[in-house]
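The values are calculated or read from the model by the stated rules, or taken from the named source; none is laboratory data. Keep in mind the model is a prediction, meaning the values are calculated, not measured. Heads up, the Cβs are rebuilt from the backbone with ideal geometry, glycines too, and the neighbour counts pull from every protein chain shown. Remember, those area values only see protein heavy atoms, side chains included, never the ligands or the DNA or RNA. Shrake-Rupley method; radii C 1.70, N 1.55, O 1.52, S 1.80 Å.
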Amino acid sequence: MVEIEYVKTICPYCGTGCGINFVVKDGKIVGVEPYKRHPVNEGKVCPKGNFGYEFINREDRLTTPLIKDENGEFQEATWDEALDLVANKLKEVSDEDPNKVGFYACARSPNENIYITQKLARAACGTQNVDHCARICHGPTVAGLATTFGSGAMTNGFDSIKEADVIFCIGSNNMEAHPLFGRKIIQAQKNGAKLIVADPRYTPTARLADDYIEFKTGTDVALLNGMMKIILDNDLQDDEFIANRTKGFEEFKEVVMKYDVEKVSEITEASVEEITKAALDYGKADKAAIVYSLGITEHSHGADNVMSCANLAMLTGNIGREGTGVNPLRGQNNVQGACDMGALPSDYVGYQKVADQETTDLFNERYGSNLPAKPGLTLVEMMNAAHAGDLKVLYIHGEDPVLSDADIKHTKEALANLDMLIVQELFMTDTAECADVILPAAGWGEQEGTFTNGERRVQCLHKAQEPPEGTKLDWKIMEEIAVRMNPDFKDQFHYESAEEIFDEIREYAPIMAGMNRERLDTPEALHWPCPSVDDPCQPLMHKDKFAHADGLGIFQSIEHLGPVEEPDEEYPLLLTTTRILFHYHAAMTRRCETLDNEVKTGFIEINTEDAEELGILNNEIVKASSRRGEIEIPARVTDNIKKGIVNIPMHFTECAANMLTNSDSFDPKSKMVELKACAIKVEKIEG
Ligand SMILES: Nc1nc2c(c(=O)[nH]1)N[C@H]1C(S)=C(S)[C@@H](COP(=O)(O)OP(=O)(O)OC[C@H]3O[C@@H](n4cnc5c(=O)[nH]c(N)nc54)[C@H](O)[C@@H]3O)O[C@H]1N2
Ligand SMILES: Nc1nc2c(c(=O)[nH]1)N[C@H]1C(S)=C(S)[C@@H](COP(=O)(O)OP(=O)(O)OC[C@H]3O[C@@H](n4cnc5c(=O)[nH]c(N)nc54)[C@H](O)[C@@H]3O)O[C@H]1N2
Ligand code: SF4
Ligand SMILES: [Mo]
């Protein structure tokens, strides 16, 4: 008889955090089943949840450490050779100058691994240079909501959306990027909620909308200010909430009142009627919720966009109640966790601030380190420092910046300029190709640990099969490196299990102190803040007061600024870059046969009129170029994108969107680069 075992886990793709069961046969993962009791997905999954496990037992998993020789060829190495090489280099360079070493943490791997990455950076290498992909994802959310509300996370739980009267969804295509959250929006509509979607593309999410606002990429602040002026003109603001729970209103009002709807319509190219209707619907609702994602954040004014969303919610008192809130949909399965764990150059675990001397003194004592109370470099700054020759060693724990950072040429030049690039990975990614040393890691399904989803729900994962022979657990690799760097670390970096690491996290992060294993390993799990074991740890934040010391939310006065690079005669189209349902970045889903069969390569969406002007036909291979580079890519001619805007999904290395994007376009408030807007041209390929 064949024995089938079911092992509980959490989907390793988006931040929705659906519960699934591995189906295990003869000690190998052979399939998955949605977890029926799970409160997020209630027994349903999207195609990635269904078929996204297929990468696990691929033949091309990395299973031997690799070291590049002087001819640029990878040679197999023993673990001892690879770990010695890495530890010696980290020690040599960090002894000389810890600022010359940097770390990227993996927002796809469990909290426990990420915690050890930042500990290796801080305790063993003495550097605050540790960051991760949130910087170029929801970095502006963390910065913008911390400024306005005092905490950078989603304000409500996912289920809260079902109680909304109006849902204003701006720059989120959740039906493709967070489908099981999208399902909750559909449930809300069945309960009578009205859905407004604002997006330059008529997406699968927009198709569900009661009202759709088509508008120009990069003009969200103008749109939001315009809506807020209409709300004020119609006396729909919540005076009591403004008076009792906020500050900064008068200055904010002064700015907003400059945004007449006619002027806003000119900037955004949305119609006066659509803007007015959305403002009145949102303003009149008893419970209105904002849902947003990268359409808001991935701009050179991403934090401004986020703070404008926060302004709109505070203006109407739509915060601190079920059915309301500002709800950024976090991207990676564990990107919330990566921020929580302190894989940020400015924060220790649990958002304790590096810049605060007392906090840094405390962590220096805990970690046996001598760190300055000065934030380190962000992810984008580390890449730029490498490019300038100021960063010498970069340790990448599971990220693929060659494909995912803006301007691939710039990224490759930066990586080539390092003395040593260390990549800890499951697969030979575009980034791993550039490494000097590759450390093969165990992955999802092969270890215990926790992921934290976008609503701050910390959930347990379980091991379903042994990792491939030759790989090691991420945290063990880093533990061994620390001890090789300094044998005195044998106690500091000695854990028997992931659970033991989580105990240290709980001990050091007051927001997670109450998360004991018995409470955590249940279908509902626990949301932070969870300060004590008897705290109910409810998902709703800012109920009676905001997270600032004085409890008040702070209105921000924000003017509209367009993208850094606007279209001109030479590059007349504005490129945005997005996601599609069947692929998730690149490394894993492109190695899942079922998902790969759905969509084999990338494409550029171009409006029918623009295509006609250029003489471009549907499916024709065209050349797309920007000031940074060029690619050849099939055209998808469609009316589902605004005229003047083109779109490329970010997943495909053979026609990579980031060959064209601009790495030179910083958001000063969050260090985001403008991944959602740059000027390009599209041409027919002659001959
Ligand atoms: N299938 C799938 N799901 C994923 C991922 C994946 O790779 N594949 N990645 C995950 C990650 S890391 C993240 S962060 C999330 C991202 O989730 P989303 O942010 O929902 O995904 P995107 O498709 O990048 O962008 C959302 C929308 O923003 C719109 N947009 C572009 N420019 C603007 C603008 O200026 N203003 C506004 N308002 N909208 C604009 C785009 O047209 C697009 O429809 O998805 C997660 N889920
Ligand atoms: N143009 C453009 N660029 C973008 C975006 C965009 O919208 N447009 N979106 C941005 C966003 S939102 C994000 S989040 C980034 C994503 O950027 P990345 O973080 O670089 O993306 P991933 O491909 O998810 O990289 C994760 C890597 O970790 C590996 N991995 C998975 N699990 C484990 C594990 O347990 N251990 C180890 N060691 N490795 C593991 C995977 O094989 C994969 O190669 O891209 C950004 N880039
Ligand atoms: S919605 Fe997200 S978490 Fe849920 S199954 Fe799909 S990819 Fe996985
Ligand atoms: Mo992301």
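Tabulated data for the structure shown
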| item | result |
| --- | --- |
| Asn191 versus Asp84: modelled label distance in nm, points set 7 Å from Cα along the beta carbon direction | 6.2 nm |
| In sequence order, calculated HN-Hα J values of the range 50-56 (Karplus, 6.51, -1.76, 1.60; Hz; x Gly/Pro) | 7, 10, x, 7, 5, 6, 4 |
| His527 accessible area, 1.4 Å probe, all protein chains in place, Å² to nearest 10 | 10 Å² |
| Per-residue ³J(HN,Hα) for the range 394-407, Karplus 6.51 cos²θ - 1.76 cosθ + 1.60, θ = phi - 60°, Hz, x for Gly and Pro | 10, 10, 9, 8, x, 9, 10, x, 4, 7, 9, 7, 5, 6 |
| Interchain or long-range residues, amide H under 5 Å from Val40's placed H | Gly19 |
| Among the listed pairs Lys229/Lys284; Lys119/Lys476; Lys194/Lys247; Lys253/Lys643; Lys263/Lys642; Lys184/Lys229, those beyond 22 Å (Cα-Cα) | Lys194/Lys247; Lys253/Lys643; Lys184/Lys229 |
| Heavy atoms of Ser160 accessible to a 1.4 Å probe, total area in Å² rounded to 10 | 10 Å² |
| Heavy-atom accessible surface of the range 530-687: percent carbon and sulfur, 1.4 Å | 49 percent |
| Theoretical FRET efficiency, 1/(1+(r/R0)^6), r = Cβ-Cβ of Lys545 and Lys36, R0 60 Å, to 0.05 | 0.95 |
| Label-point separation, Glu92 to Ala355 (7 Å along Cα→Cβ), nm | 3.7 nm |
| Size-normalised alpha-carbon gyration radius of the range 155-328, reference 2.2 N^0.38 Å | 0.94 |
| Extent along principal axes [Cα atoms of the chain; Å; largest to smallest] | 71, 69, 62 |
| Karplus-derived 3J(HN,Hα), 6.51/-1.76/1.60, for each residue of the range 150-159, Hz, glycine and proline x | x, 8, x, 9, 3, 7, 10, x, 4, 5 |
| Helical mean residue ellipticity (222 nm; -39500 (n - 2.57) per DSSP H run of 4+; nearest 500) of the chain | -8500 deg cm²/dmol |
| Relative packing of 31-37, 508-514, 178-184, 57-63, which averages over residues the other C-beta atoms within 10 Å, highest first | 178-184, 508-514, 31-37, 57-63 |
| Ranking by accessible area, most exposed first, for Ile422, Ile4 with a 1.4 Å probe | Ile4, Ile422 |
| For the range 366-434 and the range 116-185, distance of Cα centres in Å | 22 Å |
| Pair Val533, Thr608: separation of 7 Å Cα→Cβ label points (nm) | 6.5 nm |
| Long-range HN-HN contacts of Ile604 with modeled amide H, under 5 Å | Ala635, Arg636 |
| Amide H contacts under 5 Å for Cys678, placed H, 5+ residues apart | Leu575 |
| Reach of Lys36 by Cα under 18 Å, taken over aspartates and glutamates that are not fewer than 8 positions away in the same chain | Glu5, Asp159, Asp521, Glu524 |
